[in-house]
Amino acid sequence: MADRVEPRPGSSAPRADAAVLDALTLGKRIRHARTRRRFTLAQLADEVGSTASQLSHIENGRREPRLTLLAAIATALDVPTADLLDPGPPPDRRAELEIALDRAQRGPLFAQLGLPAVRPNRTLPLPVLEQLVGLHTEIEQRAARAVATPEEARRANTELRAWMRERDNYVPEIEELGEEAVRRAGYTSGALTHSTVNNLARSMGFEIIHVPDLPHSTRTVTDLENGRIYLPPASIPGGHGLRSLALQAMAHRVLGHTRPTSYADFLRQRMEINYFAATCLIPRSAALAHLEPRKRAKDIAIEDFRDAFGVTHDAAAQRFTNLATAHLGLPVHFLRVAEDGSLEKGYENDRVGLPSDVTGAVEGQYVCRHWAARAAFARRTRTTEFHQYTDTPSGTFWCSTQTGSTESGEFSITVGVPFDEAKWFRGRETRRREVSTCPDEACCRRPDEALIDRWRDASWPSAAAHAQVLAPLPVGRFPGVDDAEVYAFLEANAPS
């Protein structure tokens, strides 16, 4: 099913040295068959009408044989030609290591070291070959970790957000996969039940198990060998969260994911599994059956959408952005803003103009104090959505905001549209209206001149340091995941 999804930013492209590796594998197969038949290079050359030097080049992957010569070699060695051309793994461990060493020594990292290459011939002892390949592997992994910087992650995330914006935050291939999966598991309408999620897991050969001791660096752990998906305890409040986590774990298999090779790969996969989980929790057909009549009645409300499918306001708002433009014809923006005003997540295709840094990244940027996303924090009664019109340099926008809180503090969730599209939403009659001139700092970031004069030299604030500034760079196969802890957990929980 994975081949139904078009390539995305960060997808791994075919390696430039694929042809070299194929030639190496072919050469190792020929040498393996020759030594098994106890032929020397000279003897095989006499049999096939070639030279020992030419066959040596072929066995070392530096030259590809013509089909006629390859057929003659296969006949002389009494092995099917198809076996020599097998694209599978090398014929033995030594051949595998020789190919790995040759590949490493052809790469740019080795060239930067300025060291002489070691020829991986038969005289090189196997333990030495193992050690050399292990050292090259470690060098490559350390180099990969060194470039996995926050800057690289922000760049990759910005590219991914731009890619989604070009598609109006809508990925039809994943929509179809999610809808098909939940219908097959028994979903009909309304909120997706835990029972249906369990049915879906069983259809994929998985059993969902809730454990209290998940590794601290993981949200879920999947045991592919024994068909188990480990989740936090079922007693944790918020059933939507557990359903979503289970669906995200299954999504890796549905979407055919392999181990991420970069931050871009990792972020793309995270986007895809989140999207898949959203399509299962709020299937497209059921979502449109809810939204389309409410648009006709000019009564769209994110809180109703949320309640209809038993999810969080955050999940409902983000899912609305997937469908708003593609199926309802509504340009839209979405913000999740922390209580300090910093933007945690953002999306727009309505030209609202999200705050961004020079690279185009929006995460961590401060939202204008006059926007609904921040004004909503000031109200006392927060049981219903907060509505506001805001005049900005990009035009006037109507927004609906709901606030919430977690252990790390309060946050707000905002869905907004241009002024002309407010007519489709409940709350359009609000008389609350603000003016924002951001990014002009005089709007809300620059203090009054009198205050600057009064306090510039008479104050000394102590800034709060964010822990992530000092956090070590991610290690392991996946960014931020502690491999040792995960493997110990799996070993302890594997069925006897």
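Here are some notes:
- Taken together, the residues in the range 274-290 that are surrounded by fewer than 22 Cβ atoms within 10 Å (Cβ to Cβ) and hydrophobic (A, V, I, L, M, F, W, C) amount to 3.
- Residue within the range 252-261 that is of a type in the set (A, V, I, L, M), within 23 Å of E166 (Cα to Cα) and crowded, with 17+ Cβ neighbours inside 10 Å present: yes
- Qualifying residue in the range 22-29 (condition: in contact with a Leu (Cβ under 9 Å, 6 or more places away or on another chain), surrounded by fewer than 12 Cβ atoms within 10 Å (Cβ to Cβ) and at pLDDT 80 or above): no
- Residues in the range 329-341 that are buried (at least 17 other Cβ atoms within 10 Å of the Cβ) and without any contact (Cβ under 8 Å) to a residue 60 or more places away in the chain: G341 alone.
- Flag for E344 being in contact (Cβ under 8 Å) with a residue 60 or more places away in the chain, assigned to a strand (DSSP E or B) and either open to solvent by 70 Å² or more (accessible area, probe 1.4 Å) or of a type in the set (K, R) (or both): yes
- Of all residues in the range 361-370, those satisfying the criterion of being of a type outside the set (K, R), part of a loop (DSSP other than H, G, I, E, B) and open to solvent by 30 Å² or more (accessible area, probe 1.4 Å) are E363, G364, Q365, H370.
- Matching helices (runs of 4 or more DSSP H) fully within the range 43-118 where at least 1 residues are without any contact (Cβ under 8 Å) to a residue 24 or more places away in the chain and hydroxyl-bearing (S, T, Y): 52-59, 67-76, 81-84
- Test: L85 is open to solvent by 80 Å² or more (accessible area, probe 1.4 Å) and either in contact with a Leu (Cβ under 9 Å, 6 or more places away or on another chain) or within 18 Å of A42 (Cα to Cα) (or both): yes
- Residues in the range 401-432 that are part of a strand (DSSP E or B), in contact with an Asp or Glu (Cβ under 7 Å, 6 or more places away or on another chain) and open to solvent by 50 Å² or more (accessible area, probe 1.4 Å): E410 only.
- The range 433-460 residues that are in contact (Cβ under 8 Å) with a residue 40 or more places away in the chain and surrounded by 11 or more Cβ atoms within 10 Å (Cβ to Cβ), paired with ones that are basic (K, R) and in a loop (DSSP other than H, G, I, E, B) (beta carbon under 6 Å, 6 or more apart): C444/R369
- Filter pass, P87 being at pLDDT below 85 and either closer than 30 Å to A264 by Cα or among the hydrophobic types (A, V, I, L, M, F, W, C) (or both): yes
- Selected residue (only one of T40, T51, T35 is more than 30 Å from M164 (Cα to Cα), of a type in the set (S, T, N, Q), over 45 Å from the mean Cα position of the chain (by Cα) and at pLDDT below 90): T35
- Of all the numbered requirements in (1) closer than 25 Å to N322 by Cβ; (2) small (G, A, S); (3) over 20 Å from the mean Cα position of the chain (by Cα), A246 misses one, and that requirement is (3).
- Residues in the range 36-47 that are touching a Lys or Arg at 6+ places or on another chain (Cβ under 9 Å) and loosely packed, with under 13 Cβ neighbours inside 10 Å: T40 only.
- For T384, the conditions (1) surrounded by 15 or more Cβ atoms within 10 Å (Cβ to Cβ); (2) touching a residue at least 40 places away in the same chain (Cβ under 8 Å); (3) more than 26 Å from M271 (Cβ to Cβ); (4) of a type outside the set (D, E, K, R) all hold with the exception of (1).
- Pair list, Cβ under 9 Å, 6 or more apart: the range 149-166 residue closer than 17 Å to H333 by Cα, other residue surrounded by fewer than 15 Cβ atoms within 10 Å (Cβ to Cβ): T158/T359; T158/G360; R161/G360; A162/G360
- A289 meets the conditions (1) in a helix (DSSP H, G or I); (2) touching a helix residue (DSSP H, G or I) at 6+ places or on another chain (Cβ under 9 Å) in every case but one. The failed one is (2).
Conditions (1) out of contact with any helix residue (DSSP H, G or I) (no Cβ under 9 Å at 6 or more places or on another chain); (2) modelled with pLDDT of 85 or more, marked per residue:
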{"site": "C399", "(1), (2)": "no, yes"}
{"site": "T406", "(1), (2)": "yes, yes"}
{"site": "V417", "(1), (2)": "no, yes"}
{"site": "A450", "(1), (2)": "yes, no"}
{"site": "D457", "(1), (2)": "yes, no"}
{"site": "A465", "(1), (2)": "yes, no"}
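- Of all residues in the range 482-494 being open to solvent by 60 Å² or more (accessible area, probe 1.4 Å) and under 18 Å from E207 (Cβ atoms), the one that is modelled with the lowest pLDDT: E491
- Boolean, T325 is closer than 17 Å to V417 by Cβ and open to solvent by 10 Å² or more (accessible area, probe 1.4 Å): yes
- In the condition set (1) farther than 20 Å from F425 by Cα; (2) touching a residue at least 24 places away in the same chain (Cβ under 8 Å); (3) outside any helix (DSSP H, G or I), V358 is compliant with all but (2).
The values are calculated or read from the model by the stated rules, or taken from the named source; none is laboratory data. In this text the structure is predicted, and so the values were computed from the model without any measurement. Cβ atoms come from the backbone with ideal geometry, glycine included; neighbour counts cover every protein chain shown. Quick note on the areas: whole protein, heavy atoms, side chains included, nothing else; ligands and nucleic acids left out. Shrake-Rupley method; radii C 1.70, N 1.55, O 1.52, S 1.80 Å.
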